[in-house]
Amino acid sequence: MALIQKFTEGHLGVLMMSNPAKRNCLSGELVKELVAGFDEFEQQEIHTVILRAEPGVKVWSAGHDIRELPESRRDPLNYHDSLGTLLRRVQDFPYPVIAMVEGSVWGGACDLCISCDMIICAEGATFAITPAKLGLPYNASGIVHFINVLGPKIAKEMFYTAQPISAEQAFNVSMVNHVVPPAELESFTKDIAASILANAPLSVSVIKRQFRLLLKGTPIPAETFEEIQGLRRKVYDSDDYKEGILSFKEKRAPVFKGR
Ligand code: LCV
């Protein structure tokens, strides 16, 4: 059963996540279908993509499929992980990708939204980044995304509290481009897409590539990178990491011990 639906209208492509039973969690299967959708759109000369969920969802995406995370002692967010693969595909797709959001967005799906070129959300949408809730270490490129988009202060608050922020708060910190009434979300987003499609595709595409290259963050010394990896290993080797994953599966609150 397909976990996403694909639509095209001229040079506009739409990828719709359609796995509400699992709250559109970014399972390996769903990510594979999304990446294949982007590959197809690139062949079909699609010059703007809208990434959305089904109309009226309460949860846009619940983030990484927690059941696919390693139980312990392995990096849960390594370079070749499905989440990282999807975020790079979105950022390397040669034309703008607009996240059209309604409902709540969790964890890696929040990183997916900010990795898109723009976010247009309905009133009532919320965004949360949740590694601390699960006892996970986030990865360096993901933290760079949040610093670039939100600035360190708001990004720190979101990571430390793991609490959702409202659409209005997200707009106030320039995380989202527009907040609109739910009934207008689709037409508003398509109007924005139409104004992009009216411009020179080569120019838009090269400007996107320039942003991608310039936003990669300042290069860090190899030793700093190794220190980060060592710190992350302390977390994913911890008992708290195991407890975070287990508590989700057992549908109970985690009891963290700080080790
Ligand atoms: C697998 C799920 C999931 C899910 N995975 O519905 O950012 S990081 O570093 O943390 C990164 C590693 C990451 O993205 O981690 C995941 C972060 N996501 C979350 O913490 C959200 C976890 N999900 C929830 O809190 C709730 O499911 C929400 C609030 C999203 C929706 O609650 P609701 O009561 O509407 P259920 O919890 O009943 O979920 C419905 C079904 O979807 C599965 C969940 O296990 C359940 O499946 P079963 O019916 O088989 O029990 N599901 C939800 N989220 N991330 N599976």
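The values are calculated or read from the model by the stated rules, or taken from the named source; none is laboratory data. For clarity, every value in this text was computed on a predicted model and none was experimentally measured. Here the Cβ is made from the backbone with ideal geometry for all residues, glycine too, and neighbour counts use every protein chain on show. These area figures cover heavy atoms from the full protein model, side chains too; ligands, DNA and RNA do not enter into them. Shrake-Rupley method; radii C 1.70, N 1.55, O 1.52, S 1.80 Å.
Here the Karplus relation 6.51 cos²θ - 1.76 cosθ + 1.60, evaluated at θ = phi - 60°, turns the backbone of segment 221-231 into coupling constants of x, 3, 5, 5, 4, 5, 5, 4, 4, x, 5 Hz, with x for every Gly and Pro. Solvent-accessible surface of the chain, taken per residue with a 1.4 Å probe and all protein chains present: 50 Å². Relative to the longest principal axis of the Cα atoms of the chain, the long axis of helix 82-92 makes an angle of roughly 40 degrees. Pairs of Lys residues in segment 4-183 that lie 8 or more places apart, or on two chains, and have C-alpha atoms under 27 angstrom apart add up to 12. Remark: accessible surface ordering of 160, 241 (largest first) is 160, 241, probe radius 1.4 Å.
Once you reduce segment 6-76 and segment 167-244 to the center of their Cα atoms, the two points are 15 Å from each other.
Counting every pair of alpha carbons in segment 1-149, the share spaced more than 20 Å apart comes to 43 percent. By DSSP, the beta bridges lying fully in segment 4-183 are antiparallel in about 25 percent of cases. When peptides 209-219, 190-200, 83-93 are sorted by average Cβ neighbour count within 10 Å, with the highest value leading, the order is 83-93, 190-200, 209-219.
Relative to the longest principal axis of the Cα atoms of the chain, helix 239-249 runs at roughly 50 degrees. Projected over all directions and averaged, the alpha-carbon convex hull of the chain occupies 13.7 nm².
Full extension of the chain between residue 32 and residue 220 gives 64.6 nm of extra length, using 0.36 nm per residue less the Cα-Cα distance.
Each peptide among 224-237, 134-147 gets the average number of other Cβ atoms lying within 10 Å of its residues, and from highest to lowest they stand as 134-147, 224-237. Farthest toward the positive end of the dipole of the chain, out of 225, 166, 100, is the Cα of 225, where the dipole comes from beta carbon charges about the Cα centre. Near residue 50, the amide H atoms lying under 5 Å from its own belong to 13, 14, 15, 98; only residues 5 or more places off or on other chains count, and H is placed 1.01 Å from N. Hey, what angle do you get for helix 28-43 against the long axis of the chain, alpha-carbon based, 0 to 90 degrees rounded to 10? Roughly 30 degrees between the two axes. Between residue 246 and residue 88, the contour length at 0.36 nm per residue exceeds the Cα-Cα span by 54.0 nm.
For the pair residue 203 and residue 72, the difference between a 0.36 nm per residue extended length and the Cα-Cα distance amounts to 42.6 nm.
Summing Cβ point charges (Lys, Arg +1; Asp, Glu -1) relative to the Cα centre of the chain gives a dipole of roughly 700 debye. By the helix-only formula, in which each DSSP H run with n ≥ 4 contributes -39500 (n - 2.57) and the sum is divided by residues, the chain has a 222 nm mean residue ellipticity of -14000 deg cm²/dmol.
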